[in-house]
Amino acid sequence: MFSPDASVQSVHGASVRNPRRRRRVDDGLRQDPPKRSKISSDTYQAVVSKESTAGKSNGHAKDVDRDVAVAMRDMSVRDKRHASTTWRPPKSDGSVILTKNATYTVKRLPALPERMKTIGDFRAAFRSTLTAHHVVVSTQELVYIWDYTSLNPSPIPRILNLPESKRLEALPIAALVTTTSSSDIGIVIVFPTTGKIKFWENIDSAESLSLFQQRRQGIDGSIKLYTGESITQVIDIKHAGFILVSSSGRHVHLTIRDTQGRPSINTSILGSDGTSKGMLVNLYQTFKGGYRSTVVAVQARPSSTKGHMEVLSATNEGHFKSWEVSWAGHHMPTGDVDINDALAKHEQGRHLNTDHSLRLLDFIIIGPGKDDPSKGLRVMALVVYDEEGGKEYALLELDFKAGVELVRIIPINHYQPQTEYPAGKVYVPEPEHTAFVVFEREVVVVSLAAPATSSQGFQDVVHFKQEGATEIVEGALETLAVQNKHEPSSIVLLTKGAGVVRFIAQPPPARKDEERQRVTAKSKFEQAIFFGSQPGTILEFRQCKQPQFPQDEVEKAALSISEDILQTDSSVMPEISSSMDQHLGMRIKAAHDLVEHVKANYPQLKRDTRWRLMWSAERLKSAQSLWRVYEKWLGLRFKSETPLLMPQIIEVIPESQKARANPALGQIDSFRQWFVKDTMRLDKIIPIALLVLRDSDNKTSTAEYLEDLNEVLDMYLAILETALEFRETNARPYGLDEEDMTGGLLNEPYQGLPEFWTSRSNVLNSLTDMVGLFTDLGKEPELAANSHWQAMTKDLGRVVWLVCVLHTERYRWLLAQEDESTQNAGRNLEDQLINDIRPKELLVLASLGQGQQAMALAEKLGDIHSLVNILLHELESYGGMTSTLALDAEAEQTPEAQALYTKIHSYFAKFGPAFSRVFYQTLIAAGHVGALLDKKFGIQEQLSAFLRSNPHYAKLGFINDVINDRNMLSAAQSLHTAAEHEANNWCKTVQLSTGHLVLLAASSPDTLRPLQTANAHALALARIQTRLSKALHPVVTTSLDDDSALDNILESLSGPRPRPALHTLLRLSLADLLKHRALPADLLADTLSLLDARAASAALGASPWLLALQALHHGDLYAKDEQAADALALCVWKRLFVADDWVGVNATLGLTDAEVRGQLRATALYAALKEGYAQGLWLTHPAFALPLPPAALGAGSTAASLMPRFSGTDLAKPMAGDNAKDDARLRDAIAQGRLPHWYAEVVRLAEEGAEYEAVERGVLEREYAAWVGGFEHPDLIRPGGGVGVNGTGGGVAGEEDGDGDVEMEG
């Protein structure tokens, strides 16, 4: 049972220390002489004479049984070093920065004994003063003590044996104490379950026990515990000793010196009245005072009574008690309050504890009152309470000056507990501008200086990895020489297997700084990118829940960091590296980590942002390739005195286009500085390289110039090829895997994307100029045998590929812009690329002896036209073709030419009609028609299909059909097609006549019939025009020139009526007729119907209006537009109706019937009708309908009806006016001349006249036949096949035209 009197055992054989005795040095066992604090000098201010409280654990300690693997001293062995591209910034304290931002920094201190890396369960405590910083770790059998600020990564700790500890007991609790000597540190060890206490005044003497067991320098003591009771916390209260907290809630005051200052262990219970009573009374007070209460924390501060300390204790329910204790073991209760009363008075406080769920987890004394009781008492308490959706945490600032008052509430919004009731500790180090809330594997950094713009300041969570030995075992405030509130504050944490971690918080900013007021997306991204990929890091940046930011902030942060990586503009990235290649590789990895982190946590990145991020990374990759080119040429020119061109190029770049080097900072290598700071301007180097190269042409020999040219060529390829390759292979990591890309070239769409850096105008112009340099050099004959030159021309193909691909990228981007002028520029560039740049560049490559490479590029680009041109160029080069592309004899063909023929045939098979069409078109355009039909390139079916696909090739198709295919039907069709597009009427007639002959030679009459009909109609139409030409021939022969001939024809054959528009139409058509141009059916009909009735009839020997209707019948107008054809036919009838004076015809007064009939037979209408009846034309076709005169009114009298025929001219409207004048005349003829009445009479007379003439013709033909049969002498028969009758010829099979040629008839 518990007794208030300590059971003290005297030290057997204890010797009295002689203060004048020289200190003994135990090799490696004694503590080194006092040294200056190892706190980083760049972080903390100068040391002042002030000692703060010992590092405290806030009364927390683990009280579970743990197995411990005990070992003695180990030899320190350094691990093998591995090369890494991850940069760890060196600090004067030897630490490694685990993460940092503008508000806080987390460092991993180097000092960690080797044995601590594999140790099992343990307890720990810190002791930090201005002169010493130690950590003590206690296991089941051993205690380790070392200086955690040591620069030695594997310090040798002081080790103490604990023979009294049993393996099944709870782990002992160790605490360090400061003795009278500033250089000596003592240790107190409490065994929680047995109550045993050991105290060594000097850890050096305690450590020596393992070597000299006969010398015991420690003080032993114990306290009696109840059954099941154990010590859970040991709290250092400075000179007044320690407070021990038991699992039953008892507070025990432990002093380690007697009233004379000698080592002695004494204990007493802190009761409610300050007196020590008997066992039963103490047991009663224990149960009454809260045996079931859970003490969560105990803190102490100096008392107003000199030499005394004030102890403050809090329970889980929020109940606070305070005592005043002295170093001599006396104590007195001073207060007893409950924070729930303060919460009930505060509006926000009531919300926190609405269902009485609030639990206090920890507290710490803050403010000036922690050192000066006269300034009141304030604490910062960590609480947890139930909230909808889970547990919530908050910091409560409480004022105990008059009772208890809630000053403010700081919700912890960024932490989500991983367990139902996680324990937590709160640390507020001086100068108290930041609080650290520590959980098992998380630390919440909370700014206590609330900004003026909001009620809550900065908060962030640092996550330790869930796997591995990263559990936080203990923490403590770090004692610093703080002089004002504008200095950093820090705490230290001991992890289970990773050593000591220091958190340093920066003071609040003097000015408004958004990054210091809240957690920004950029700061979180930087932490994850630059620190999350460090090998062996104990912090977690990616698997933990990420804070949510507005999408716009995410986009801006990602782009900003990407630019910082490009320019090495970040405090966590080094600007100096012995290996520039590794430096660029580190930045490439950082860019990749950036996009991986953002894509994993914020996947909704905009498309243009993803492209920008990839462009930044590909610039870095291109810069890395460029640096390797530099190192390559540095090695090649090592023995040469010729300087490299690349440094000169960097030097020439204008100062405005590159970052300035600062010699004061040691930045004297401007070349390396460019790779560090200016990779985002990588495209600027391309045009400048060409300028420097051209300048070197006048200063170097040809060999040196070729080397310079080769160096620039390598630069171009390194920059641009690397970019395209990176773009293609890294589309998926950058979230662009759904983009349609080929070889790094985006096919579509380009809408919404910024300008591509690889295809800016200066880049494209430089690439084209580079090919131009090779073109000029290729004209120098002495380079033909130069091996260096030949090797360079092989690489030129890669440049030509870049020219074609990047021009394509450029014009596609231009076409996707909204500005019309920009789109027009894109169309122009596309046209230039397809029709000028690409064919020319590929042909240049072929002309430099790289024909095979040029063909491969043209095939890769899908440029069939260029491929064909290269093939023909190569054939001519190898002698496979003569100037006329005639096939040489087999014996004269070179092997190269034979290989090309084989390749050409393979292209016919590979690409099919796409290749054959272009190949044949190129041959025809070059005038090599013979090669087309003689060489038989490709497949015959492809040649035939090509020639039949275009009417312009119909004549060649006819020859191919007859010679190669022997297909008469197709040959006739080709001739008919050629005739349809023939402009010359005479040629058209010949083609149609030839086609008629071919059709006669063809078989399958059923198949031929449609073509025969079409051919007959076309031939009949051509003959009508020929007939008109013959009628005009006498006038033409008597004229001086074509113009006078045209005037004479119009004077003699045109009608007298004033119709200017129709007169113009007639003049144009007659002009074409005189030039032997084939007139379409509708224009021929207009021409015939506009001629003078009697003059034209006499010249033609037939009615011109009937010929006009026949032209409409034989033309294709009815097949295309029957309504338009009917309208034109009515126009012809209208002109025929008004050709006669019907008013005069109607004036029959005083005329006999015979005279009236004679007048009707003298009309043009009668002649046309009679001739039609004689030929049996009327009513056999829509063109030969017999409309009544009123039906012709309005035909062609509106501009709309004429627009389909004359849309490209200004004749439609005036022609409609002229046709309307004919309507007026027709109305007069109908009204005053009774034209409808006479029309019917004329129709009857014409039909009768035609029948009569037919009968008469039959009688004459029979008489003629009988008369001819009476002659036996064949010489009397006319050569034309007939015999002269009354001096005239008849029944001829052919007619002689005006030129003396014979017109063929069917």
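The values are calculated or read from the model by the stated rules, or taken from the named source; none is laboratory data. Here the structure is a predicted model, which means the values were calculated and not measured. Every residue, glycine among them, receives a Cβ derived from its backbone with ideal geometry; neighbour counts consider all protein chains shown. Ligands, DNA and RNA are stripped out before the accessible areas are found, and what is left, the full protein with its side chains, is counted by its heavy atoms. Shrake-Rupley method; radii C 1.70, N 1.55, O 1.52, S 1.80 Å.
Using C-alpha pairs under 8 Å with a sequence gap of at least 6, the mean separation divided by the residue count of the stretch 746-848 gives a relative contact order of 34 percent.
Alpha-carbon geometry of the stretch 516-596: the Rg and the Dmax are 13.1, 40 Å, given in that order. Cα centroid distance between the stretch 704-748 and the stretch 1011-1028, in Å? If you average the Cα positions of each part, the centres end up 64 Å apart. Note on exposure: LYS107, LYS370 ranked by accessible area (1.4 Å probe, complete protein assembly) read LYS370, LYS107, with the most exposed listed first. For the stretch 1119-1240, the fraction of 1.4 Å probe accessible surface lying on carbon and sulfur atoms is 58 percent. Taken over the Cα atoms of the stretch 815-879, the convex hull encloses 73 Å³ per residue.
Along each principal axis, taking the top coordinate minus the bottom one, the Cα set of the stretch 975-1026 gives 31, 15, 15 Å in descending order. For the stretch 590-639 versus the stretch 1182-1238, the spacing of their alpha-carbon centroids is 78 Å. Averaging over all projection directions, the Cα-based convex hull of the stretch 917-975 occupies 3.4 nm² in the image plane. Hydrodynamic analysis of the stretch 576-620 uses the Kirkwood radius over alpha carbon pairs. Inserted into Stokes-Einstein at 20 °C and 1.002 mPa s, it gives a translational diffusion coefficient of 189 µm²/s.
Taking all protein chains together, THR775, THR470 sort by accessible area into THR775, THR470, largest first [probe 1.4 Å]. The GluC sites (Glu not before Pro) of the stretch 755-846 that meet both conditions, a loop assignment by DSSP and at most 15 other Cβ atoms within 10 Å of the site Cβ, are GLU755, GLU818.
Calculated from the alpha-carbon coordinates, the stretch 612-765 shows an Rg and a Dmax of 17.1, 52 Å respectively. Excluding MET614 itself, calculate the net charge of residues whose Cβ lies under 12 Å from the Cβ of MET614, where each Lys or Arg counts +1 and each Asp or Glu counts -1. Every neighbour counted, the sum reads +3. Thinking of the stretch 572-689 as a set of Cα atoms, what percent of all their pairs are more than 26 Å apart? Roughly 28 percent, rounded to a whole number.
Taking 0.890 mPa s as the viscosity and 25 °C as the temperature, the Stokes-Einstein diffusion coefficient of the stretch 762-814 based on its alpha-carbon Kirkwood radius rounds to 202 µm²/s.
Across the stretch 763-850, the fraction of Cα-Cα pairs farther apart than 21 Å, rounded to a whole number, is 37%.
In the stretch 647-749, Cα pairs under 8 Å separated by at least six residues give a relative contact order of 18 percent.
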